[in-house]
Ligand SMILES: CC(C)(COP(=O)(O)OP(=O)(O)OC[C@H]1O[C@@H](n2cnc3c(N)ncnc32)[C@H](O)[C@@H]1OP(=O)(O)O)[C@@H](O)C(=O)NCCC(=O)NCCS
């Protein structure tokens with residue numbers, strides 16, 4: 001009964017589409033988490049086959065595959081559900097919201113703890129993938145279709161592939177100048193910023209050189225014309241405008 005009460009509260013809080021309490025029993029999240037509760041109990045008792053069996057039954061029923069070894073806190077809500085995968089060593093804090101198409105998985109490179117640890121009040125949007133044994137800090141938001149491959153501090157918004165922090169506590173992060181390197185070390189992005197700045201500086205220098213060359217050509221032309229007017233002969237050695245000077249003299 002406690003589980004049903006919790007689910008009614010959680011779903012009503014997080015899904016504005018729900019119209020009546022009875023609809024709670026239509027949510028795949030409700031059944032997937034119920035099966036997981038029993039499956040996790042069996043897993044801890046080392047009844048692995050039965051635990052996996054329940055997990056696979058829940059997957060068939062709801063499209064949500066939660067490995068029975070995953071540790072899940074209070075108030076998880078999986079909206080829509082289809083295509084969600086939660087790995088064996090994944091740990092999920094309290095009041096987390098997950099949308100359809102989310103994978104909390106491994107990269108295939110780690111052994112033992114291979115899946116992420118999700119903090120409290122985290123939102124993982126539709127299609128997002130969080131891959132590897134790192135932590136996603138409390139209150140962070142992972143955008144739709146982001147692929148997160150490294151630790152995320154608290155209160156961050158992460159977007160893109162690979163996932164980049166674009167907001168910390170609601171404040172926009174400028175990757176070149178405002179990035180907090182303690183919270184988010186990203187040497188590749190910093191190198192890219194440096195290279196972009198160097199390219200800009202080089203472009204400015206090239207522009208100055210091009211302008212100078214044009215000015216020098218203009219000066220040379222003027223000099224040729226003056227010489228032609230005065231002496232009827234261009235005195236400029238190796239004059240690049242011999243033809244123009246000749247025409248000018250006539
Ligand atoms: C990430 C999200 C939760 C918004 O979080 P937020 O902290 O309020 O962030 P903002 O809306 O201010 O967006 C921050 C920046 O990320 C960009 N952004 C947001 N979502 C993005 C996404 N999925 N992919 C790429 N960029 C995204 C915004 O354009 C904005 O860019 P800017 O800094 O250049 O203006 C939201 O964009 C999102 O992805 N929601 C999906 C929820 C969902 O799965 N719904 C399914 C219901 S069925």
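By how many degrees, 0 to 90 and rounded to 10, does the Cα axis of helix 2-14 deviate from the longest principal axis of the chain?
Roughly 30 degrees, rounded to the nearest 10.
By its C-alpha gyration tensor, with a ≥ b ≥ c as the square roots of the eigenvalues, how is the stretch 70-127 shaped: rounded for a/c under 1.5, else prolate for a/b larger than b/c, else oblate?
Verdict is oblate for the stretch 70-127.
Looking at the chain, what % of its DSSP beta bridges pair antiparallel, to the nearest 5?
20
Using only Cα atoms and rounding to the nearest 10 degrees, what angle (0 to 90) does helix 187-231 make with the longest principal axis of the chain?
In the chain, helix 187-231 runs at an angle near 10 degrees to the longest axis.
Which of the peptides 1-13, 191-203 is most tightly packed, and how do the rest follow, going by the mean number of other Cβ atoms within 10 Å of each residue?
Per-residue Cβ counts within 10 Å, averaged per peptide and sorted highest first, yield 1-13, 191-203.
Quick check: the angle from helix 28-44's long axis to the longest principal axis of the chain, C-alpha only, nearest 10 degrees?
70
Using a 10 Å cut-off around each Cβ, can you sort 156, 224 from fewest to most neighbouring Cβ atoms?
Fewest-to-most ranking of 156, 224: 224, 156.
Calculate, for residue 172 and residue 223, the FRET efficiency according to 1/(1 + (r/R0)^6) with r their C-beta to C-beta distance and R0 51 Å; round to the nearest 0.05.
0.40
Which order do peptides 29-35, 41-47 fall in by mean Cβ count within 10 Å, highest first?
Result, highest mean first: 29-35, 41-47.
Mind ordering 212-223, 51-62 by average Cβ neighbours within 10 Å, highest first?
The packing order, highest mean first, is 51-62, 212-223.
Using the Cα gyration tensor of the chain, with a ≥ b ≥ c the square roots of its eigenvalues, what is the shape: rounded (a/c below 1.5), prolate (a/b larger than b/c) or oblate (neither)?
It comes out prolate by the Cα gyration axes.
Determine the calculated [θ] at 222 nm for the chain from helices alone, applying -39500 (n - 2.57) to every DSSP H run no shorter than 4 residues and normalising by the residue count; nearest 500 deg cm²/dmol.
-13500 deg cm²/dmol
The numbers here are math on the coordinates, done by the rules we state, and not lab data. All values reported here derive from a predicted model rather than from experimental measurement. Every residue, glycine as well, gets a Cβ built from its backbone with ideal geometry; the counts of neighbours run over all protein chains shown.
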